[in-house]
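So the structure is just underneath, and the comments pick up after that.
The values are calculated or read from the model by the stated rules, or taken from the named source; none is laboratory data. Because the structure is a prediction, the values reported are computed rather than measured. When we count neighbours, we look across all protein chains shown, and the Cβ atoms used for this are built from the backbone with ideal geometry, even at glycine.
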Amino acid sequence: MQEGLSNAGGAISHGIDSRREKKQLLAENKRLNNKVNELESKLTNTRLKENELTRLEKLLKLSKDYDKYKTTGARIIAKGTSNWFSTFTIDKGSADGIKKDMNVIADNGLVGCVISVGKHYANVRSIIDDDSNVSASVSTTEDDMIITGGLEQIRKNGLISFSGLRDTKNKVKEGDAVVTSNISSKYLPGILIGYIAKKDNDTNALTSSGTITPVVDFSHLSEVLVITELKKTGK
C-alpha cells in the first residue's frame, strides 16, 4: 500500500512538474516571439531609413545636377485617386516661398509644376496628367515639340506622347534626349524629360509624332525638389 501511495505521489509530482515545465515553455515561447517581433520591427525601420536615405541622396545629386536653379525639398503628403502620381500635394506652401507655376523635379528630371498653393501645402500637376502640355525640344537638334499627358498611355506602356516635331532633316533618332524648351511659358529650359522611344512621320509630311520614355518613375514618388524661381516670360 505504501508503495502504491509512493507511486501515486510520484505521478502527481511528475504531473505538477510537467505542467510547470509546459508553463515555462509557453512563457519562453512568448518571450521569443516578442523578441522576434521586436527585431523584425527594428529591421523594417532600418530598411525604411535606408530607403529614405537613398532617396534623399538622389535628390541631393539632382540638386547638384541643376545647381543653376535654387531648389527646396518637399514630401508628398497626398495624391489623386489614380495609382500614378498625375496630381499630388506636397508639404510646403506659400509660407515656404512656393508659388504657382514653379517647376517640380525628381529622379533625374521633370515631374511637373505647381498649380495651386496654400500656406503650408501646394498642389502639383505632373506631365503625365491628361491636362498637361509641355513645350519641349530635342537636345541634339533643338527641334521643338509638344508633349501631352495621358494616363491611359502611361498605364499601357509607361510612355508619354509627343507631337508637332519639325524634324525636316530627319536627324532625330530613338534614344535622343528631350528637355524643356526655351519657348515654354512656364517651364524653365533644359530640364530633362526623357528619351525618344518611337518617332513616326505624320501624314502631312511636315511633322512627326511619337512617344518618349520619361526619366521619372511616376508610379513611385515620395520626395521632390521644387525649383524656387519662375520662368521669366517678359510680361
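So the values come out like this:
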item: Every residue from segment 202-235 that is of a type in the set (S, T, Y) and within 18 Å of the chain's Cα centre (by Cα); result: T213, S219, S222
item: Some residue of segment 199-207 being among the aliphatic types (A, V, I, L, M), in a strand (DSSP E or B) and either at pLDDT below 95 or within 19 Å of Q153 (Cα to Cα) (or both); result: no
item: Failed condition for G80, given (1) closer than 12 Å to I227 by Cα; (2) free of Cβ contacts under 8 Å to residues at least 12 places away in the same chain; (3) in contact with a strand residue (DSSP E or B) (Cβ under 6 Å, 6 or more places away or on another chain); result: (1)
item: Filter result for G210 (of a type in the set (G, A, S) and either closer than 19 Å to C113 by Cα or not in a strand (DSSP E or B) (or both)); result: no
item: Hits in segment 99-149 - residues which are farther than 26 Å from G175 by Cβ, over 20 Å from the mean Cα position of the chain (by Cα) and crowded, with 16+ Cβ neighbours inside 10 Å; result: V117
item: Condition met for M145 (farther than 30 Å from N204 by Cβ, in contact with a Leu (Cβ under 9 Å, 6 or more places away or on another chain) and in contact (Cβ under 8 Å) with a residue 12 or more places away in the chain); result: no
item: Filtered residues of segment 208-235 (kept if surrounded by fewer than 16 Cβ atoms within 10 Å (Cβ to Cβ) and closer than 16 Å to S135 by Cβ); result: L230, K232, T233, G234
